[in-house]
Each structure stands twice: as C-alpha cells, then as structure tokens.
1. B:GLU117 to A:GLU97: FRET efficiency via 1/(1 + (r/R0)^6), r the Cβ-Cβ distance, R0 41 Å, to the nearest 0.05?
2. Pop a pseudo-label 7 angstrom from the Cα along the beta-carbon direction at both B:GLU180 and A:ASP197 and give the gap in nm to one decimal.
3. What relative contact order, as a whole-number percentage, does the stretch A:11-210 give when Cα pairs under 8 Å and 6 or more residues apart are counted?
4. Along Cα→Cβ at 7 Å, what distances in nm separate the B:ARG196 label point from those on the other copies, shortest first?
5. List the extent of the Cα atoms of chain B along each of their three principal axes, largest first, rounded to whole Å.
6. Evaluated at 20 °C with a viscosity of 1.002 mPa s, what Stokes-Einstein diffusion coefficient in µm²/s does the stretch A:36-95 have when Rh comes from the Kirkwood expression over alpha-carbon pairs?
7. Residue by residue through B:83-92, how many Cβ atoms from other chains fall within 10 Å of the Cβ on average?
8. Put a label point 7 Å from Cα along the Cβ direction on B:ASN174, then list its distances to the equivalent points in the other copies in nm, shortest first.
2 protein chains.
Amino acid sequence: MQNPARVDYTLYLVTDRGILNGRDLFEAVEAAIKGGITLLQLREKEASSREFYELAVRMKMLADRHRIPLIINDRLDIALAVDADGLHVGQEDLPVEIARRLLGPGKILGCSVSNEEEALQAERAGADYLGAGNVYPTGSKEVATPPIGVEGLRRIKDTVSIPVVGIGGIGLHNIEAVKETGVDGISVISAILGSRDIERAAWELRNAWRRQ
Amino acid sequence: MQNPARVDYTLYLVTDRGILNGRDLFEAVEAAIKGGITLLQLREKEASSREFYELAVRMKMLADRHRIPLIINDRLDIALAVDADGLHVGQEDLPVEIARRLLGPGKILGCSVSNEEEALQAERAGADYLGAGNVYPTGSKEVATPPIGVEGLRRIKDTVSIPVVGIGGIGLHNIEAVKETGVDGISVISAILGSRDIERAAWELRNAWRRQ
C-alpha cells in the first residue's frame, strides 16, 4: 500500500495496551488517528502469536480504513500474515538484513537505535527509517537504555540519510527541542495513549510539530 | 531439504532449555541425535527474537550436519529466517492455513491437537502431521490440557490420514501402549532431555519403538 520513501513520519504512535487502563485498544487508536497521527505501530510483547495475529488483523482493517500505514513491532511473521505495511525491529529482534530479505523491498522497515554505530549499521542493512532514543527518561518498557538527549538524537540524524524519528519521553513540553534537531518526526506511546483525551493529545502534538 | 511426505516421525525430540539444568543445549541435542532421534523441534518460549534466531541458526547447522529435519516451534519468522525444514504451531499460535500459505508447500507443517475436531481442522487447513496430546499427565509446560489417554490418541489417529505423533508424558514404561494405537511416532521432551544419559535415553526409546 505504501511507498516506503513517501511515509509521513511526523507523528508515529506505538501501541501499549498496558497504558490504556482497560480502555479499548481500537477505540484508542481510532481517536489518535482522528487526532492526526501519521503512522501506527502495533506492539505486543506479552500476547500469544494467535492473539497478536488476531489483533493485527483488526488493526490492519482500521488502519486501512483511515489510510494510515501499519507497522508491526518485532514479529515479521505477524507482519507477513496480515500484509502489514512494515516491520519495526529493535536490537533484540531479528537482524535488519534478515528482516529486509524476508519482508521484500516494498515494505517499510524500521529499526530502534541508540547511537551512531547502530544507526549506520541499520541503514546499511536496509532500514527505511530509524527510531532513535530514548531521547528523554521514560516510564515505558519500550526503552531501557540511558537517555541520549537531543544531542544524541541530532548526532544520529546527522549520521544517516534515512528518516529518523525521536522516541522516548517526548511530549508537548519538549517537542520544540526535538524538532530543532532536524529529525523527521516523533514516536510516542504515553503522550497519546496515556492521555485522558487521546484525540486531543494527538491533535496538539501534531499541531505543535507543524507550528514550528 | 526434506520432502514432508517422507519424514520419519518415530522419535521426535522437542527442546526445553529449562529441563537441562545448565547443560549445553547443543551438546544435549547432539547426544540425542546420536541416540537415534529422527526429528527435532526447537522450542523457545522466553527468548527474544534475536536470541531465538541465533539459537536457530546454530541448531540448523547441527541438524543439517546429521541430516535431521529441524522444525521451529510457533515462530514462522524464525523458521523462514533460518530456512528450517518446518514449523510446528499450537492452538495459540498462527492459524494453520496462514502458516501454510507463508511457509510454502515444500516445508513440514505440524500442529498440536487434543481432540478429533482440532485434528480434522488442522488436516484440512494444510498440516503435514499432528502432535496429539497430552497423552499422559506431564510436568512440561508444553501441555496444559487434561490427558487424552491412549484412547483419545487412537481416536485422533483414526480420524485423519496424515501422520500423528503422541506427545505428553511418554517414556519407556508406556511406549508400548502408545505404539498400539497405530500412531506414527512419539514426541518427547523430558524422557530424553531430563535424562542423565541423553544418548542412551534416546537409543532406548528408539529401540523400544522398533522392537514392537
């Protein structure tokens, strides 16, 4: 569906059912889409393969209906099974070159990095974009390494020529500093899904990014 | 490497690092191969994707060296990444028809079942063989449903035309009763990997199956 070179990385939502306090995942994501997210990653670290697959099938329908690309976290099998628009791998997931080979050239492949060496390696191995962080301290389990700060984020952005999105602890209060690094967007979990009004939270972040 | 129709299901070892008490997984599997296992399944329920992938790469080399087919448990992505000989899915894993489509026709696809309905469904969806059980009570985490007994195993075998292996609590003391059901082999974890002399344990099981 998507040309990997034409993806809008401005506001990239990563899901985390744990932060929803019982609210429905699909309603939450639909609210975030209405608020203006441009890209969506389904992330399930505890689900069985069957449950992940069934969530991904439903999420793909939702994402397609709103023409938002759906990226699957970690699990290439789930990405292939639901014909997702792409896959995001971390340093503990399948190597980028293996994922690229199995995914084919037409899908979006992202990789989490926390320094320039990992960034260069991922770019050379065939990643379409990088998720760089964590930029700030964060409560999400997604990121456990020490914060790289906006300086670290800028160094990564300057090292590669593929798009870079900052991730980790980014919200309205620090989005300006992140944008000044020159990155292509921000990836958030709690700044949207941890908010009481998810649509508004997404809308405010999208607007704040555009304003600058 | 393998023609799915020509697989020898006699003695099918499923790995479990937890039962090895610190012994090396690859040494344990090599001993089991020397003892006479005919099929090998790498099962990793706790590993990260990267760790699973790296274990699978090494296991594939070991299995190829001994011309034993390697089946990957649950994770189609890992099976594709290492070009394993097949995939085994449970009822909580990817649906058989999805796995079949993504795996292609040349690979071995197995499915865990515990009754005739699941057996028929898996056969129709494209499974090459069934792992039916658990036959007896077992301490392994692999199987949590109530034992189906040799009667349940026989009913499953009589329901389908693809090969069926019994799994769950099978050892030297009850292998005769299992064989009498007409199944094509047994799948074991602890009867081999929980044994002090792994090669001998495999050899005794293989011999007991042949003798009858």
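The values are calculated or read from the model by the stated rules, or taken from the named source; none is laboratory data. Being a predicted model, the structure only gives us computed values, none of them experimental. Positions of Cβ are backbone-derived with ideal geometry, glycine not excepted, and every protein chain shown enters the neighbour counts. For accessibility, only protein heavy atoms count, side chains too; no ligands or nucleic acids. Shrake-Rupley method; radii C 1.70, N 1.55, O 1.52, S 1.80 Å.
1. 0.45
2. 7.3
3. 22
4. 6.6
5. Per principal axis, max minus min of the Cα coordinates gives 40, 40, 30 Å.
6. 186
7. So the per-residue partner count for this stretch is 1.
8. 5.7
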